[in-house]
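Below: one structure, written as structure tokens.
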Amino acid sequence: MPALVLLGAQWGDEGKGKATDLLGGSVDYVVRYQGGNNAGHTVVVGDQKYALHLLPSGILSPGCTPVIGNGVVVDPAVLLSELSGLAERGVDTSKLLISGNAHLITPYHTTLDKVSERFLGKRKIGTTGRGIGPAYADKINRVGIRVQDLFDESILRQKAEAALDFKNQVLAKLYNRRAIAVDQVVEELLGYADQLSGYVADTTLVLNNAIDQGQVVLFEGGQGTLLDVDHGTYPFVTSSNPTAGGACTGTGVGPTKISRVIGILKAYTTRVGAGPFPTELLDEDGEKLRTIGGERGVTTGRDRRCGWFDAVIARYATRVNGLTDFFLTKLDVLTGWERIPVCVAYEIDGKRVEELPYSQTDFHHATPIYETLPGWSEDITQAKTFDDLPKNAQKYVQALEEMSGAPISAIGVGPGRDETIQINSFL
Ligand code: IMP
């Protein structure tokens, strides 16, 4: 049963696009199961660089069917522009399948995302402003609009009315904004129906059949473990479940069918937006990581906060996702440091703590306890096997593996597609 989940083990931006793309050639389906166009994958193919926000990165691998599962929130305008952008560059996008049960992000969700962040003031989450939270809120409130509703005008109108009744009161009376006309929303959404109809499918059935027939299905998580609405640093999280369980609810594939769960782990740590981050570096080392690592958000262009590797977080990711493997990315970014600190535990109120504290207050007070490992100065981007790495780079990887609780099965040593060391096969 070759069904794999690939997800971020930290706060997102671990370099999942590269990992997915590496597997792409042998994978039949690449499936997104949560999030929306708040995600950002950069995939380098040859001399071409692709930034994908909503589409699964498998769209770049010929022979692979990309799927947007029911757990995703879809902004149809963004989806169509991403599709046409790829088509212009000669990428075949005709195989894409979209779940009819996926919820839509409409312009009122984006508006509400922005105004509610402004309303929160200094308590703001630092969202991507793409309407993700408000769209998921509507889903849970049972006033969401789904992809399938685009094909029934009368249902679409009823749902738009139900959604806007309350929101227009909030927009006008609380946020001092103009109310949004139902007609305008319905007209805009209907305009997408013809362009999307060819992609809509019963993706649950397609995926279960594919797994039963022994095809390789890859579930690709957006964001990361610590941004999970249940298991992350709530409230500074996204509004979905990037953790492994989300792959089941977000696609309609049962947990017994998942064979492997791979955590993408950056060799240091980054985070975008607000919220606690114990190993954050506000000094020149942080600036150096940001510059060398190219740590600017693919989606928002915001600078990412940077810090040393945090093994407490990696262990937590192993636990809540049931990780079977890690894919360690961006090891090359650490080349040139004489010594590299790694956080092995936290100190909280004078006590050493080995596991991520469940209490938000404790986590906000956690200070890292570091072990310092010797660095390396040799260029590692040409390394093809583990033995090609300088001894200290090998020791760094081995130390991280021991602390993190799952084998490191692949290592990224540069941004290019082939700049990867594969230690264990994922299939
Ligand atoms: P939202 O997902 O736009 O609601 O934003 C919620 C939080 O998740 C914010 O801190 C964002 O910066 C963060 N976030 C959302 N998507 C990503 C991502 O793909 N990478 C890193 N952070 C993200």
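Bear in mind that the values in this text are calculations on the coordinates, not laboratory data. Keep in mind it's a predicted model, so treat the numbers as computed, not measured. Don't worry about glycine lacking a Cβ; one is built from the backbone with ideal geometry, like all the others, and counts go over all protein chains shown.
What the table below lists for this structure:
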item	result
Which of 337, 11, 308 has the fewest Cβ neighbours within 10 Å, and the rest in rising order	337, 308, 11
Taking N as its residue count, the alpha carbon Rg of the chain over 2.2 N^0.38 Å	0.98
Net length gained if the chain between residue 183 and residue 249 were fully extended (0.36 nm per residue, minus Cα distance)	20.5 nm
Residue-span extension gain [residue 169 to residue 141] - 0.36 nm each, minus C-alpha spacing	8.4 nm
D (Stokes-Einstein, µm²/s), Kirkwood Cα radius, region 1-97, 1.306 mPa s at 10 °C	117 µm²/s
Fewest-first sequence of 219, 426, 119, 386 by Cβ atoms within 10 Å of each Cβ	119, 386, 426, 219
Solution diffusion estimate, µm²/s, Stokes-Einstein, region 307-420, Kirkwood Rh from C-alpha pairs, 10 °C, viscosity 1.306 mPa s	105 µm²/s
Within the chain, percent of DSSP bridges classed antiparallel, to nearest 5	40 percent
Using a Förster distance of 56 Å, the FRET efficiency for residue 354-residue 190 (Cβ separation, nearest 0.05)	0.50
Highest-fluctuation residue, 176, 168, 392 considered, GNM on the chain with Cα pairs under 10 Å	176
Chain lengthening between residue 26 and residue 423 when straightened (0.36 nm per residue, less Cα-Cα)	141.2 nm
Span from the region 407-427 Cα centroid across to the region 125-173 one, whole angstrom	41 Å
Computed E for residue 81/residue 386 - FRET, C-beta separation, R0 41 angstrom, nearest 0.05	0.50
